[in-house]
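Structure record follows, encoded as structure tokens.
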Amino acid sequence: MEAALSHIAALGFIDVEIGVLGDFCPHLDPQAPVNETVAHCVEAFDRHGLRPVALNTAPRIYCDDPRDRDELLTVAHRLLQLTAGLHCDLILDVGEREEGTDAGLRRAADVAREVFRRGREQYGVTVSVEAPHRGMNAQTIPETLRLLDLAGEDALGITYDTSHATCGGVPAEEGLRLIGDRITRVQARDHRGNDVHFTPGDGEYDWPALARFLTLNPRPVCLELEFDGRLTANQVADEVGRGREFLGRLTSAS
């Protein structure tokens, strides 16, 4: 984590999202003692002049049975404790896709509802779900709408990843019209077909549609740059430069 934070700070960022995603993003362990983990992270962020804005998490990774509601909620509770200690938001995934059944979507909505309520009432933490997302229980706009309906919490927000947003064929502009009032943060990267590893502007996503949405949307939305973990630090630095320039031109033009 020290190396990652050092590179991020050198690129001029202040706010950073933390991945708690098993081997994919192994910087924090939700099963370690919460107070020690929080203290270690606060020290590290302060050292680099950075501020965490969200934990991006998948409770299922830390469960023996990723379909067990009680296990998922137990892990999510620890994640809420970490998030509260770091004074940031919590982003939940909605579980790996279960084809041919509505059970996965219902379970995801149930967990999201309970975590959202506990976050709000017990910890003062804002919780959102990352959807739509390829390979997950809500990978399309219609499935995302159903997830939100099942969760039954009007204040439950969406973390919107532009590289996954048009999976299922709904154009970006239409998707933003349908779920835009629930979007609280945008993870900016691009896609070509099913390949989601492109810098903003290098792929097929309809960025002008997003710029119009951000201009017309009265609520503040966190706009983040997200990159593939397979890149070297030098490659990330190059893509950050191009991504910032592209998004800067896009937002200034709108």
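The values are calculated or read from the model by the stated rules, or taken from the named source; none is laboratory data. Everything numeric in this text was worked out from a predicted model, so none of it was measured. FYI the Cβ positions are ideal-geometry reconstructions off the backbone, even for glycines, and counts take in every protein chain you see. To get the accessible areas, we keep the full protein, side chains included, count just its heavy atoms, and leave off ligands, DNA and RNA. Shrake-Rupley method; radii C 1.70, N 1.55, O 1.52, S 1.80 Å.
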Qualifying residues in the stretch 25-44 (those that are closer than 24 Å to Glu96 by Cα and of a type outside the set (A, V, I, L, M, F, W, C)) - the one least open to solvent (accessible area, probe 1.4 Å): Pro30
Which residue pairs have Cβ atoms under 7 Å apart, sit 6 or more places apart or on different chains, and have a first residue in the stretch 132-147 that is among the hydroxyl-bearing types (Ser, Thr, Tyr) and a second that is assigned to a loop (DSSP other than H, G, I, E, B) and crowded, with 23+ Cβ neighbours inside 10 Å? Thr140/Pro132; Thr144/Ala131; Thr144/Pro132; Thr144/Ala138
Could you list, in sequence order, the residues of the stretch 121-157 that are crowded, with 20+ Cβ neighbours inside 10 Å and of a type in the set (Ser, Thr, Tyr)? Ser128, Thr140, Thr144
Could you go through the stretch 231-251 and let me know if any residue there is more than 16 Å from His133 (Cβ to Cβ), open to solvent by 30 Å² or more (accessible area, probe 1.4 Å), of a type in the set (Phe, Trp, Tyr) and part of a loop (DSSP other than H, G, I, E, B). no
Every pair of residues 6+ apart whose Cβ atoms lie under 9 Å, when the first sits in the stretch 10-34 and is of a type in the set (D, E, K, R) while the second is in a loop (DSSP other than H, G, I, E, B) and open to solvent by less than 70 Å² (accessible area, probe 1.4 Å): Asp15/Leu50; Glu17/Cys88; Glu17/Glu226
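Residues checked against (1) modelled with pLDDT under 95; (2) buried (at least 18 other Cβ atoms within 10 Å of the Cβ):
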| site | (1), (2) |
| --- | --- |
| Ala4 | yes, yes |
| Val16 | yes, yes |
| Asp23 | yes, no |
| Asp46 | no, no |
| Gly49 | no, no |
| Ala54 | no, yes |
| Arg60 | no, yes |
| Ala76 | no, yes |
| Leu79 | no, yes |
Pairs returned, first residue in the stretch 55-75 that is under 12 Å from Val94 (Cα atoms), second residue that is open to solvent by 40 Å² or more (accessible area, probe 1.4 Å) and assigned to a helix (DSSP H, G or I), beta-carbon separation under 6 angstrom, 6 or more apart or interchain, are Pro66/Arg60
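Just to be sure, is Val111 open to solvent by 10 Å² or more (accessible area, probe 1.4 Å) and of a type in the set (Val, Ile, Thr)?
Working: open to solvent by 10 Å² or more (accessible area, probe 1.4 Å): yes; of a type in the set (Val, Ile, Thr): yes.
Yes; evaluated as a whole, the condition is true for this residue.
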Name the pairs whose Cβ atoms lie under 6 Å apart, with the first residue in the stretch 167-194 and among the hydroxyl-bearing types (Ser, Thr, Tyr), the second open to solvent by less than 30 Å² (accessible area, probe 1.4 Å) and assigned to a strand (DSSP E or B), and 6 or more positions between them or separate chains? Thr184/Ser128; Thr184/Gly157
For the stretch 190-212, enumerate the residues that are closer than 25 Å to Ile14 by Cβ and either open to solvent by less than 30 Å² (accessible area, probe 1.4 Å) or modelled with pLDDT of 95 or more (or both). Asp190, Thr199, Pro200, Trp207, Leu210, Ala211
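State yes or no: is Asp181 of a type in the set (Asp, Glu) and more than 19 Å from the chain's Cα centre (by Cα)? Write out each step before concluding.
Details: of a type in the set (Asp, Glu): yes; more than 19 Å from the chain's Cα centre (by Cα): no.
In short, no.
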Checking Gly12 against (1) part of a helix (DSSP H, G or I); (2) out of contact with any Ser or Thr (no Cβ under 9 Å at 6 or more places or on another chain), only one condition comes out false. Which one? (1)
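Report yes if Asp161 is of a type in the set (Asp, Glu), touching a residue at least 60 places away in the same chain (Cβ under 8 Å) and under 27 Å from Phe116 (Cα atoms), otherwise no. Outline the logic, then answer.
On the way: of a type in the set (Asp, Glu): yes; touching a residue at least 60 places away in the same chain (Cβ under 8 Å): yes; under 27 Å from Phe116 (Cα atoms): yes.
For Asp161, the condition - of a type in the set (Asp, Glu), touching a residue at least 60 places away in the same chain (Cβ under 8 Å) and under 27 Å from Phe116 (Cα atoms) - is met.
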